[in-house]
1. In segment 247-262, which residues are within 16 Å of G197 (Cβ to Cβ) and part of a loop (DSSP other than H, G, I, E, B)?
2. Of these, A363, A373, which one is touching a residue at least 40 places away in the same chain (Cβ under 8 Å), among the small types (G, A, S) and surrounded by fewer than 17 Cβ atoms within 10 Å (Cβ to Cβ)?
3. Within the set of pairs 6 or more residues apart or between chains, which connect a residue that is without any contact (Cβ under 8 Å) to a residue 12 or more places away in the chain and closer than 11 Å to H187 by Cβ inside segment 228-251 to a residue that is among the hydroxyl-bearing types (S, T, Y) and part of a strand (DSSP E or B) with Cβ atoms less than 7 Å apart?
4. Would you check if there is a residue in segment 166-187 being crowded, with 18+ Cβ neighbours inside 10 Å, more than 24 Å from R327 (Cβ to Cβ) and at pLDDT below 90?
5. One residue is enough: does segment 461-479 have a residue meeting the conditions surrounded by fewer than 16 Cβ atoms within 10 Å (Cβ to Cβ), at pLDDT 80 or above and closer than 30 Å to W575 by Cβ?
6. Working only within segment 202-228, note down all residues that are modelled with pLDDT under 90, buried (at least 18 other Cβ atoms within 10 Å of the Cβ) and not aromatic (F, W, Y).
7. Go through the residues of segment 284-291 one by one and say whether even a single one is surrounded by fewer than 20 Cβ atoms within 10 Å (Cβ to Cβ), within 27 Å of A94 (Cα to Cα) and in contact with a strand residue (DSSP E or B) (Cβ under 6 Å, 6 or more places away or on another chain).
8. Output the number of the condition that W336 fails; it satisfies all remaining conditions of (1) at pLDDT 90 or above; (2) within 27 Å of L383 (Cβ to Cβ); (3) surrounded by fewer than 20 Cβ atoms within 10 Å (Cβ to Cβ).
Amino acid sequence: MSKAIQRNLIGASRKQSPINGRTRLFAVFATFEIVLLTIIMIVSVVGFSTVAFALAQPGSLTTSVAVPSAPHHDLAAFVWKRSDLFDGRRGASALAVATDSRHGWIAVGGDQGLLVTLPGDGAAPLRVSLPAVHDLSFGASGELYVATMQGLWVLPRQGDGFATQPFEATPANGELARAARRVTTGHGLIAVATDAGAYVARVLGHEPTDGAHLVWRKLKADFPAGPVRAIGIHEEDGRVEVWAVVGNALWRARYAELHEPMDVFEEAVPERVHADEPVDLVTGLPGGAVALVYPAAIHLRARNTLTKNFQWRLYRPIVPPGAVIERFGFGVDRYWLATDRGLVSSQSVVGPWRRAGPPAGRAAAHAMAALGARVYVASAGGLLVADRTRGVRAARQQVSSPRVPSVSVVHRKALREQGLQARVIHDAWRGVRRRAWLPVLGLRLDADRDRGRGSDLDEVFVSGEYHELRDSDRNRSRDLGASITMTWDFRDTAYEPEQIDLSREARLVIGLRDDVLDEVNQIYFERLSVDAQLATPARLGSVGDESEAQAHRFSLELRRGQLDAALDAWTGGWWSQQLENTAIPRD
């Protein structure tokens, strides 16, 4: 009889990380082999994607970034200065200006009243206390009409000058009729735009001396009710008409004498500028043209050279970023736009429009008028004056001097210093378009280690004796694995979702470039203007005696140093280095 007793002692298998010794050394070499294989595969994928992208493109990759061209300021024609008679730095903001070409008078009005003077250093100005002046216009006899929010006033002539006290000529009773926004004269008529409507009058007699000389007529028949924003007097085919802007519409009234009806009808203006109401109406432009001015556009009614008929055409002038047009006019052989970001001008309505030199190009401009070769601007900085003949030779020498760095070079230096080069957006677009051809790469590394240990114990009774039988075993296993996955989404070759973010970023960069270039333009050309004034002894001699001339020259030199410091700030000190290397004249 035999009896067997068996016991099994088996160790459970479990995963462990590599331990010291040969196992760890083996794992290190295996990991190195996997990393090397991964690098080789990545290089192969990138090469394949690059070739595929190059074959898929129809041509060379190009991008278009809007960069404003450098304005050519006509420094030889206009050098601007502030008038001491109406200086905005003393708190006098100018809102309106008018000139009388027949008698040579200049009138400027603002929030501190009215000033009338003759051009020249020896003329004594006449100051009249009035409410805030909104518009001015000289009559046929030289009298001055003043539009304020508290009525229409007339400053009559007296001898060779003006009366010291104006008289009120408000066209009607009531608060709305007293709010006069615009006044214009021409062809023996006076027209005024008020919050109560449009009024027109003909002067009875040689010259108005009181309100009885003006008999007003309100444009009533078929004329819409409401405030009139702008008004003008226009002659066409021998007929005199009054044009007025009510709301977003333009109306015409053919003038008739008293007790005769006036034909009133709406002018059909195509391509209306939606959501914007006109801010100005200008008649008497070259060729009999009429301009309807919007905050960001100009509707011009001019005669077609082929059909000889008048046609409307819409123009959108390029003005400083964010600028809003307030007034439009013509004088000294060019067109002018008064905006809240400064004065701009052009020799044609088509453009190009260029910002005026400082300070007119920076201060908010409200109105402008021309007298001979001079231009007057009513601005937040007061009355600004530009003489076309001032500093001609000196300015031309400064602009054409080869020792002065060109504005395009200054542009490049400033943009590079600010990190706004065109290649930034160019490279970003290239990266977005190539991104679709690159796969999404996934790398996975696995390391497993198994250890097993078992023990068997048997007891056997044979021939009257017990015998113990012991069996034991051990096992080990190691698994190392690596996997690489590459995923392409070829839908991105047609449309890359990140293009939206990049387009938004590109617009921001372009806006920053515009601001930087605009600021550099102003500083650069004002620097040339200051040099032109310093190089013109005649202008310094007209300031006064020797001490005043020296003080004026010293202020110009200080201003030039300030402008040099500003250009240094934009170009990272490059401008001063150019002054030293090229020996730009400082005297």
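The values are calculated or read from the model by the stated rules, or taken from the named source; none is laboratory data. Since the structure is predicted, the reported quantities are computational estimates derived from the model, not experimental observations. Note that we place each Cβ from the backbone using ideal geometry, even for glycine, and neighbour counts take in every protein chain shown.
1. Of everything in segment 247-262, those that are within 16 Å of G197 (Cβ to Cβ) and part of a loop (DSSP other than H, G, I, E, B) turn out to be G247, Y255, M262.
2. Being touching a residue at least 40 places away in the same chain (Cβ under 8 Å), among the small types (G, A, S) and surrounded by fewer than 17 Cβ atoms within 10 Å (Cβ to Cβ) holds for just one of A363, A373, which is A373.
3. As it stands, the answer is none, since no pair meets every condition given.
4. No, segment 166-187 has no match at all.
5. no
6. Correct list: V203, P208, H213, L214, R217, L219.
7. The answer is yes, given that some residue of segment 284-291 is surrounded by fewer than 20 Cβ atoms within 10 Å (Cβ to Cβ), within 27 Å of A94 (Cα to Cα) and in contact with a strand residue (DSSP E or B) (Cβ under 6 Å, 6 or more places away or on another chain).
8. All conditions are met except number (3).
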